[in-house]
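Only one structure is covered here, and it is reproduced in the block below.
The values are calculated or read from the model by the stated rules, or taken from the named source; none is laboratory data. Bear in mind that the values here come from a model prediction, so they are computed numbers and not experimental data. Reconstructed Cβ throughout: ideal geometry from the backbone, glycine too, with neighbour counts over all protein chains shown.
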Amino acid sequence: MTAVTVRVPAKVNVQLAVGGRRPDGFHDLANVFLAVGLYDHVTATSADGLTVTAEGRDVEGIPLDASNLAARAAIALAERHGIAPDVHLHIAKDIPVAGGMAGGSADGAGALLACDALWGLHTPMDELLRIAGELGSDVPFPLLGGAALGVGRGERLTALEAGGAFHWVFALADGGLSTPEVYRECDRLRREGGAGDLVGEVPEPAADPALVAALAAGDAHALARVLANDLQEAALSLRPALADTVAAGLGAGALAGIVSGSGPTVAFLAADAEGAAKIAGALGGRARVAPAPAAGAAVLP
């Protein structure tokens, strides 16, 4: 093959439990991922050397050098197999950039799968997941899709059952939020509240059994009652206008609204497809409707 295209999904965190700050600066997580039907497409083409191009939504701020996560994925895979990362990577973006929906991580996952197919490496999925985890906490999940619990930094995954269709509306904000900055604000707010922010001062994160059961049952109303994001307060502190977005979506009939990951995208869970369309109409042109769960990264014919 001279070119391979991979479709790779976005994610929403239906639960993001954040533990205390570790000595290495990271936080242990219990991160329940749900893949949603918004996709980037990563095309790997044979080339002399490594290059990256991009098109689509909000691509102006995407790096097109070796710092791009897709490029780093190609380099890591090539190094693992002792070959040169000779590939042109083209990213067609539809997942929001810096929106808390793992768009960059999805591109890294897509590049791993696309390059593996292009180069005929046949790397086992377990090995691809290990490489993905070395690249970033959110990179492994788009390879699997569906629903999964991520622990550690979020990179160690256990598949979860998702028993039915869930209908989401994503309200996109202008401009992103820095994930490290959101975590620092979370730590600051915890210290300010007097509880402390270190391991041992914050409860150990764990998946909510009621949330896991709601996913398995495909029960949107039950899931809405237990959506949780420990980073939401920090995201709202850094971007107070997000509170108005949450209120607008709830006022339009959403069962629940939650900041997606580190934000600033706000995710609204609807009762059905008709309700999702109504919510999106009320939120205006920056709203996107997507079903879940979605399949993981896949090579297209």
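A few points about this structure:
- Counting the residues of the stretch 138-169 that are at pLDDT 95 or above and under 14 Å from the mean Cα position of the chain (by Cα) gives 13.
- Residue in the stretch 147-164 that is out of contact with any strand residue (DSSP E or B) (no Cβ under 7 Å at 6 or more places or on another chain), surrounded by 24 or more Cβ atoms within 10 Å (Cβ to Cβ) and under 28 Å from Arg288 (Cβ atoms) present: no
- In the stretch 250-263, the residues that are in contact with a helix residue (DSSP H, G or I) (Cβ under 6 Å, 6 or more places away or on another chain), touching a residue at least 40 places away in the same chain (Cβ under 8 Å) and not hydroxyl-bearing (Ser, Thr, Tyr): Ala254, Val259, Gly263
- Test: residue in the stretch 81-96 that is free of Cβ contacts under 8 Å to residues at least 12 places away in the same chain and acidic (Asp, Glu): no
- Residues being at pLDDT 95 or above and either assigned to a loop (DSSP other than H, G, I, E, B) or assigned by TED's automatic domain parsing to the domain that holds Gly99 (or both) - total across the stretch 271-288: 2
- Some residue of the stretch 259-278 being charged (D, E, K, R), within 30 Å of Thr5 (Cα to Cα) and surrounded by fewer than 16 Cβ atoms within 10 Å (Cβ to Cβ): no
- Conditions (1) out of contact with any helix residue (DSSP H, G or I) (no Cβ under 6 Å at 6 or more places or on another chain); (2) in contact (Cβ under 8 Å) with a residue 60 or more places away in the chain; (3) surrounded by fewer than 20 Cβ atoms within 10 Å (Cβ to Cβ): number failed by Leu215: (3)
- Selection of the stretch 37-79 for residues being of a type in the set (Lys, Arg) and either in a loop (DSSP other than H, G, I, E, B) or free of Cβ contacts under 8 Å to residues at least 12 places away in the same chain (or both) yields only Arg57.
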